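Heads up: the structure comes next, in structure tokens.
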Amino acid sequence: MVLLLCLLLVTAASGCSQRKEYQESTVYAMDTILTFQVLTDSDSGIFDLLRKEVDQVNLMLSATDAGSELYRLNQSDGKCFEASEELADVIVRCLSVAKETNGALNIALYPVTQAWGFPSGDYHIPNGEILKELMKKIDWEEIQIEQNQIQLLPGMALDMGAVGKGYLTDRCVEILKEQQISSALLKLGGNIYAYGTREDGSAWRIGIQKPFSEEVAAVLTAKNEAVVTSGTYQRYFEEDGKKYHHIIDSATGYPADNELESVTIVSASGFQADALSTAYFVMGLDASIQAWKQNPDIGVIWILKDGAIYYTENLNGRFSAAEGTETYMVRQE
Ligand code: AMP
Ligand code: MG
């Protein structure tokens, strides 16, 4: 009887210390709210590790933080800059996506995004003459990079806003793996990563926001995948009744103006999903459908201004749109 009682106590005690539950931590960084929801013990140090990673990536990629490496590169004024391997590697990966998307992703756009006031929050339509001058400073093909030596032309500056959260996502996923976490949901603004499955073994269900609304336009199931959305409604201002959003077309220096309201990319890589969601948005529906055909492993959901939704056939069965939505499945052919 005494033995049985002892056994019960041990079971209860060990059950208590090993019980995992979802815990949440929220940080404000990269101009957005980052929420980490992790299945873990109460005494797990996972959130400290994740927050440290947020600080490190911010110290590398922030264009506005005067202490960051990117800030120093942007101040290099035509001189050769010795970058960390990590920064050089991110820039090389961005340039590869720039090539693949014919410059739709352009990390050299900072002079122009600044002129619109998007990084500072002081939003305004830039003066036409000034914009014309700045447009001469945004040629990403002028970025010289050899190993970790980087050289920009005087007046050039880089903006990693299109990829930073995706890059950070991948670094956080590495930490979750190292710490043997089995289940987590990372939300970094419009960047979601569904890590593992939910505790009961079912896939995560990710809502895709209906633009300019609190409603959900579609729901997607996901496991070990990033689901990243770029959209007009995520950052914009209005002047004279017209909306100006933050995703810029390098050809005009103005917000990309096409039939799209948002693009969502589903990929095992947070970086790829983030880079391509911005690039496909700039390309518009037809060109990005063609681009997807060269990149068939990713899933894509396009929401049009008229409310119609296009989605790639590899998402079939995992994707359901709100009732009454016009939907079109895009095939490889
Ligand atoms: P995202 O929210 O990932 O689509 O990224 C948008 C952010 O990337 C903007 O707020 C700008 O900082 C920057 N950006 C805007 N247009 C472009 C572009 N065409 N290529 C690369 N970065 C861009
Ligand atoms: Mg992006």
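The values are calculated or read from the model by the stated rules, or taken from the named source; none is laboratory data. Fair warning: this is a prediction, and the values are worked out from it, not measured in the lab. Ideal geometry is used to build each Cβ from the backbone, glycine not excepted, and the neighbour counts take in all protein chains shown.
Worth a mention:
- Scoring Asp200 on the criteria (1) within 16 Å of ligand 2 (Cβ to nearest atom); (2) outside any strand (DSSP E or B) leaves a single failure, condition (1).
To keep it simple, each residue is scored yes or no on (1) at pLDDT 95 or above; (2) under 17 Å from Val173 (Cβ atoms); (3) surrounded by 12 or more Cβ atoms within 10 Å (Cβ to Cβ).
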{"position": "Leu8", "(1), (2), (3)": "no, no, no"}
{"position": "Ser17", "(1), (2), (3)": "no, no, no"}
{"position": "Lys20", "(1), (2), (3)": "no, no, yes"}
{"position": "Thr35", "(1), (2), (3)": "yes, yes, yes"}
{"position": "Leu39", "(1), (2), (3)": "yes, yes, yes"}
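- Cross-chain or 6+ apart pairs with Cβ under 9 Å, the stretch 183-197 first and touching a residue at least 12 places away in the same chain (Cβ under 8 Å) and part of a loop (DSSP other than H, G, I, E, B), then basic (Lys, Arg) and surrounded by fewer than 23 Cβ atoms within 10 Å (Cβ to Cβ): Thr197/Lys223
- Among the residues making up the stretch 266-325, those that are more than 16 Å from ligand 2 (Cβ to nearest atom), of a type in the set (Asp, Glu) and assigned to a helix (DSSP H, G or I) are Asp286, Glu313.
- Restricting the stretch 172-189 to residues that are more than 18 Å from the chain's Cα centre (by Cα) and of a type in the set (Gly, Ala, Ser), the residue that is surrounded by the fewest Cβ atoms within 10 Å (Cβ to Cβ): Ser182
- Unmet requirement for Ile125, which otherwise passes all of (1) touching a helix residue (DSSP H, G or I) at 6+ places or on another chain (Cβ under 7 Å); (2) away from ligand 1 (no atom under 14 Å from the Cβ); (3) not basic (Lys, Arg): (1)
- All helices (runs of 4 or more DSSP H) inside the stretch 15-110 with 2 or more residues being of a type in the set (Asp, Glu): 46-61, 85-100
- Restricting attention to the stretch 238-277, the residues being under 29 Å from Thr221 (Cα atoms) and either in contact with a helix residue (DSSP H, G or I) (Cβ under 9 Å, 6 or more places away or on another chain) or among the acidic types (Asp, Glu) (or both) number 22.
- Single unsatisfied condition, Asp122 versus (1) exposed (fewer than 13 other Cβ atoms within 10 Å of the Cβ); (2) under 18 Å from Met30 (Cα atoms); (3) touching a strand residue (DSSP E or B) at 6+ places or on another chain (Cβ under 6 Å): (3)
- Failed condition for Ile192, given (1) crowded, with 21+ Cβ neighbours inside 10 Å; (2) touching a helix residue (DSSP H, G or I) at 6+ places or on another chain (Cβ under 6 Å); (3) under 30 Å from Asp122 (Cα atoms): (2)
- Sole exception among (1) more than 16 Å from ligand 1 (Cβ to nearest atom); (2) touching a Pro at 6+ places or on another chain (Cβ under 7 Å) for Ala157, by number: (1)
- A Cβ distance below 9 Å, combined with a sequence gap of six or more or placement on separate chains, defines the contacts here; from the stretch 158-177, residues that are touching a residue at least 24 places away in the same chain (Cβ under 8 Å) and closer than 19 Å to Thr40 by Cβ reach residues that are within 11 Å of ligand 2 (Cβ to nearest atom) and in a helix (DSSP H, G or I) in the pairs Thr169/Gly270; Thr169/Phe271; Thr169/Ala273; Thr169/Asp274; Arg171/Gly270; Cys172/Gly270; Val173/Gly270.
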